[in-house]
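Here's the structure, in structure tokens; my notes come after.
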Amino acid sequence: MIQNIFREYDIRGIFGSELNETSVKAIGFELGKEIVSRGLKKVSVGYDARLSANSLFESFVSGLNHANLQVFNIGLLPTPIGYFSVFTNKFDANIMITGSHNPKEYNGFKITLGTDSFFGKDLQNLGKKVAKFIASNEKIPTNAKAENFDILSDYLNFFEKEFANLKDFDFPFVIDCANGAAGVSATQICKRLNLKAKILYPEPDGNFPNHHPDPSEEKNLADLKNEMAKNGYKIGFGFDGDADRIAVLTPNHNIKGDELACLLALNMKNPRILGEVKCSQAMYDTINKIGKSFMGKTGHSNIKKAMKELGIDLAAEVSGHIFFKERYFGFDDGVYAMMRVLELLKLGFDLEAKLAKLPKFYSTDEIKFKTSEEEKFEIIEKLKTQISNGIANLPKIVDIIDIDGVRVRFDDGWALVRASNTTPVIVTRFEAKTPEFRDLLQSEFLKILNEIAGK
């Protein structure tokens with residue numbers, strides 16, 4: 001069913017079956033009509049290294065042209081450069097054709113209209129219009145006319161000026177571009193600033209011949225870790241397929257997004273920092289000592305919206321999406337995040353020493369509880385009801401935060417249970433001051449979930 005590809009934050013599906021000439025032309029046309037209805041005219045379209053990029057570009061742009069829009073081809077680029085093209089007022093809207101960190105047979109669309117993400121109910125309504133158009137059997141002619149536009153040079157010029165303080169910084173580091181789009185920008189930035197970077201797999205290649213471009217999976221960081229260990233590098237950076245997400249490694253630590261927010265905040269005055277519901281309590285406690293922290297929903301679209309509403313300087317997801325408003329535009333950009341980390345190093349920050357001073361908590365990784373699209377939200381609602389009066393084998397509940405699923409707080413830890421917005425799973429995470437209490441939280445909550453689901 002075509003509507004299944006319209007997710008909470010973007011459009012995502014398998015090339016050839018879900019994303020084909022008919023469906024993609026329809027997406028371009030119906031989205032194009034929406035863009036026109038908002039009084040927007042000039043649209044930039046870019047793409048990542050996926051093998052299906054050219055085919056999807058042709059079909060999608062045909063749809064935009066059928067809606068009488070002015071289309072500009074910005075080429076193979078990281079997704080953040082697409083955002084940059086609208087946040088710097090070069091264009092009225094941007095669409096990036098990207099599969100991000102998904103398996104190579106996937107692709108999709110990230111949509112920005114003005115400086116706002118197009119997501120949630122807007123995406124669901126677009127899906128209904130696309131399904132109706134396809135059912136009408138109306139044909140859209142192939143017309144991939146688009147004017148080429150060099151936005152990369154503007155982006156590189158911005159970095160060269162913004163990070164002039166890093167020019168000739170003699171600190172060796174290593175980057176793993178994972179044959180994704182990061183190589184397009186990161187290599188040139190390092191060259192312009194004469195940085196001492198060893199760059200792995202900079203050539204974009206949709207076959208991803210060395211490893212999959214998802215730095216949240218430890219196995220995909222093996223080459224980066226080996227290079228660091230072999231040559232004594234003190235810092236390493238990894239990117240996902242479209243370079244809006246970053247992994248930061250030191251010799252002894254894989255720095256998660258919430259930890260990175262704590263480090264970056266140390267170089268900010270009175271920072272207002274937004275975290276998602278999966279972020280460690282250590283982040284919130286640390287930020288509140290030097291500024292003010294806020295908790296919000298997971299997902300780049302939700303975060304960008306909340307940043308505007310709350311006047312946020314920096315936002316972070318555990319997965320490595322880091323959003324800078326201070327000195328930047330408020331969107332997630334892995335390469336920009338790398339440069340801000342390099343600034344910390346130039347200032348003499350010992351990252352591992354700073355991390356060691358953070359409050360000590362013991363966390364699980366995300367634990368996924370498989371269910372169905374139909375049942376996942378229903379299970380969350382039943383869980384809220386069941387735990388409202390406490391949980392028999394656990395201490396008193398201090399607070400229940402339900403802005404995105406349920407984050408249940410106790411004096412010595414918390415449990416998170418939320419429905420994924422992109423897959424048929426419930427995501428759980430547990431954190432406590434001791435490993436024993438963390439494990440108890442995990443055991444009790446998973447037991448409740450199994451009871452509710454009838455497993």
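Look at the range 400-418: where a residue is within 13 Å of residue 438 (Cα to Cα) and modelled with pLDDT of 95 or more and a partner is of a type in the set (D, E, K, R) and not in a strand (DSSP E or B), sitting 6+ places away or on another chain with Cβ atoms under 7 Å, you get 412/433; 413/433; 413/438; 416/278. Scan the range 423-433 and give yes if some residue there is under 25 Å from residue 294 (Cα atoms), at pLDDT 95 or above, within 26 Å of the chain's Cα centre (by Cα) and basic (Lys, Arg), otherwise no. Yes, the conditions are met somewhere in the range 423-433.
Looking only at the range 332-364, which residues are aliphatic (A, V, I, L, M) and either open to solvent by less than 60 Å² (accessible area, probe 1.4 Å) or in contact with a Ser or Thr (Cβ under 8 Å, 6 or more places away or on another chain) (or both)?
In the first step, residues of the range 332-364 are kept if they are aliphatic (A, V, I, L, M); the result is 335, 337-339, 341-342, 344-345, 347, 351, 353, 355-356, 358.
Answer for the range 332-364, where residues must be aliphatic (A, V, I, L, M) and either open to solvent by less than 60 Å² (accessible area, probe 1.4 Å) or in contact with a Ser or Thr (Cβ under 8 Å, 6 or more places away or on another chain) (or both): 335, 337, 338, 339, 341, 342, 344, 345, 351, 353, 355, 358.
When the range 226-257 is limited to residues that are hydrophobic (A, V, I, L, M, F, W, C) and part of a strand (DSSP E or B), the one that is nearest to residue 102 (Cα to Cα) turns out to be 239. Cβ separations smaller than 8 Å between residues 6+ apart or across chains give the following pairs from the range 132-145 residues that are more than 13 Å from residue 64 (Cβ to Cβ) to residues that are modelled with pLDDT of 95 or more: 133/26; 133/29; 133/30; 134/22; 134/23; 134/26.
Of the residues examined, residue 7 is one that is open to solvent by 30 Å² or more (accessible area, probe 1.4 Å), touching a Ser or Thr at 6+ places or on another chain (Cβ under 7 Å) and basic (Lys, Arg). Quick test for you: out of 59, 52, 85, pick the one residue that is in contact (Cβ under 8 Å) with a residue 12 or more places away in the chain and over 25 Å from the mean Cα position of the chain (by Cα). Selected residue: 59, the only one of 59, 52, 85 that is in contact (Cβ under 8 Å) with a residue 12 or more places away in the chain and over 25 Å from the mean Cα position of the chain (by Cα).
Restricting the range 198-231 to residues that are surrounded by fewer than 17 Cβ atoms within 10 Å (Cβ to Cβ) and among the aliphatic types (A, V, I, L, M), the residue that is farthest from residue 79 (Cα to Cα) is 229. Scan the range 124-168 for residues that are farther than 18 Å from residue 191 by Cβ and assigned to a helix (DSSP H, G or I) and the total you get is 12.
Of all residues in the range 41-68, those satisfying the criterion of being open to solvent by less than 20 Å² (accessible area, probe 1.4 Å) and not in a helix (DSSP H, G or I) are 43, 44, 45, 46, 48, 49, 50, 52, 67. Residues that are at positive phi, of a type in the set (Lys, Arg) and modelled with pLDDT of 95 or more occur at least once in the range 325-335.
In this entry, residue 54 is excluded by the filter for residues that are closer than 30 Å to residue 217 by Cβ and at pLDDT below 95.
Quick check, is residue 39 farther than 22 Å from residue 243 by Cβ and without any contact (Cβ under 8 Å) to a residue 60 or more places away in the chain? First the steps, then the outcome.
Values: farther than 22 Å from residue 243 by Cβ: yes; without any contact (Cβ under 8 Å) to a residue 60 or more places away in the chain: yes.
Yes: the conditions hold for residue 39.
Determine, yes or no, whether residue 241 is under 18 Å from residue 76 (Cα atoms), modelled with pLDDT of 95 or more, surrounded by 15 or more Cβ atoms within 10 Å (Cβ to Cβ) and not aliphatic (A, V, I, L, M). Considered against the rule, which asks whether it is under 18 Å from residue 76 (Cα atoms), modelled with pLDDT of 95 or more, surrounded by 15 or more Cβ atoms within 10 Å (Cβ to Cβ) and not aliphatic (A, V, I, L, M), residue 241 comes out as yes. When you scan the range 433-446, do you find a residue that is of a type in the set (A, V, I, L, M), within 24 Å of residue 297 (Cβ to Cβ), surrounded by 16 or more Cβ atoms within 10 Å (Cβ to Cβ) and touching a helix residue (DSSP H, G or I) at 6+ places or on another chain (Cβ under 7 Å), even just one? No; the residues of the range 433-446 include none that is of a type in the set (A, V, I, L, M), within 24 Å of residue 297 (Cβ to Cβ), surrounded by 16 or more Cβ atoms within 10 Å (Cβ to Cβ) and touching a helix residue (DSSP H, G or I) at 6+ places or on another chain (Cβ under 7 Å).
For the range 303-340, filtered to residues that are assigned to a loop (DSSP other than H, G, I, E, B) and of a type in the set (Val, Ile, Thr), the residue that is farthest from residue 173 (Cα to Cα) is 312.
For the range 341-364, name all the residues that are charged (D, E, K, R) and either within 17 Å of the chain's Cα centre (by Cα) or outside any loop (DSSP other than H, G, I, E, B) (or both). Steps first, answer last, please.
Taking the range 341-364 and keeping what is charged (D, E, K, R), we get 343, 346, 350, 352, 354, 357, 360.
Answer for the range 341-364, where residues must be charged (D, E, K, R) and either within 17 Å of the chain's Cα centre (by Cα) or outside any loop (DSSP other than H, G, I, E, B) (or both): 343, 346, 352, 354.
Within the range 115-149, take every residue that is touching a strand residue (DSSP E or B) at 6+ places or on another chain (Cβ under 8 Å) and surrounded by fewer than 16 Cβ atoms within 10 Å (Cβ to Cβ) and give me the one that is farthest from residue 340 (Cα to Cα). Top of the filtered list is 145. Within the range 287-302, being open to solvent by less than 10 Å² (accessible area, probe 1.4 Å) and part of a helix (DSSP H, G or I) holds for 287, 301. The residues of the range 72-87 that are of a type in the set (A, V, I, L, M) and open to solvent by less than 10 Å² (accessible area, probe 1.4 Å), listed by number, are 77, 81, 86.
Taking the listed residues 173, 169, the one that is under 17 Å from residue 236 (Cα atoms), surrounded by 13 or more Cβ atoms within 10 Å (Cβ to Cβ) and more than 27 Å from the chain's Cα centre (by Cα) is 169, with no other qualifying.
For the range 97-109, the set of residues classified as open to solvent by less than 10 Å² (accessible area, probe 1.4 Å) and more than 11 Å from residue 50 (Cβ to Cβ) consists of 109 only.
Could you list, in sequence order, the residues of the range 256-286 that are open to solvent by 10 Å² or more (accessible area, probe 1.4 Å), within 17 Å of residue 345 (Cα to Cα) and at pLDDT 95 or above? The answer is 259, 268.
The values are calculated or read from the model by the stated rules, or taken from the named source; none is laboratory data. Being a predicted model, the structure only gives us computed values, none of them experimental. Because the Cβ atoms are built from the backbone with ideal geometry, glycine has one as well, and the counts that use them run over all protein chains shown. The area values use the complete protein model at the heavy-atom level, side chains included, leaving out ligands, DNA and RNA. Shrake-Rupley method; radii C 1.70, N 1.55, O 1.52, S 1.80 Å.
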